[in-house]
Amino acid sequence: MLMGFDKQHQEKVVIKLQQADTAASAREATAYTMLEAFPHPNLLTMHAMWTGEFNGTSFCYIATEVCRISLWKYIGPGVPDYRQTSLKTDRAKTTLLGILRGAGPLHELGAVSY
């Protein structure tokens, strides 16, 4: 992933790249289109998607807002006893609730399944 700057919205963005014409890039393009069409305050904002070539290889680039927090920091590897960790902090609970509020509408649209 790369960092960039969206001049139109005056904010930093994350730029994800996938080799074009692959199953992964097709999934990324579908996700981008869906998230762009159905914005939600608990989902990343899509800024742009484009294709380009580098060293003879085609890539799909997707720019999204920077995700400033992740539940992973509370429960992921590197956290002492992460397999035993409960969501003890309010910040962790709020983060999880935000993730679920974002995933709910995607599930209703059939974009994700549980």
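The values are calculated or read from the model by the stated rules, or taken from the named source; none is laboratory data. Quantities reported herein were computed from a predicted structural model and do not represent experimental measurements. Here the Cβ is made from the backbone with ideal geometry for all residues, glycine too, and neighbour counts use every protein chain on show. Accessible surface is based on the protein model in full, side chains and every heavy atom, while ligands, DNA and RNA are left aside. Shrake-Rupley method; radii C 1.70, N 1.55, O 1.52, S 1.80 Å.
Restricting to region 1-42, give me the number of residues that are open to solvent by 70 Å² or more (accessible area, probe 1.4 Å), of a type outside the set (A, V, I, L, M, F, W, C) and under 19 Å from residue 66 (Cβ atoms).
So the count comes out to 8.
With the requirement that a residue be in contact (Cβ under 8 Å) with a residue 24 or more places away in the chain and part of a strand (DSSP E or B), what does region 4-26 give you?
4, 6, 11, 12, 13, 14, 15, 16, 17, 18, 19
Determine whether residue 85 is modelled with pLDDT of 85 or more, over 13 Å from the mean Cα position of the chain (by Cα) and of a type in the set (Val, Ile, Thr).
Here the answer is no, as residue 85 does not meet what is asked.
Kindly indicate which of 45, 51 is closer than 19 Å to residue 104 by Cα and open to solvent by 50 Å² or more (accessible area, probe 1.4 Å).
Unique residue meeting the criteria: 45.
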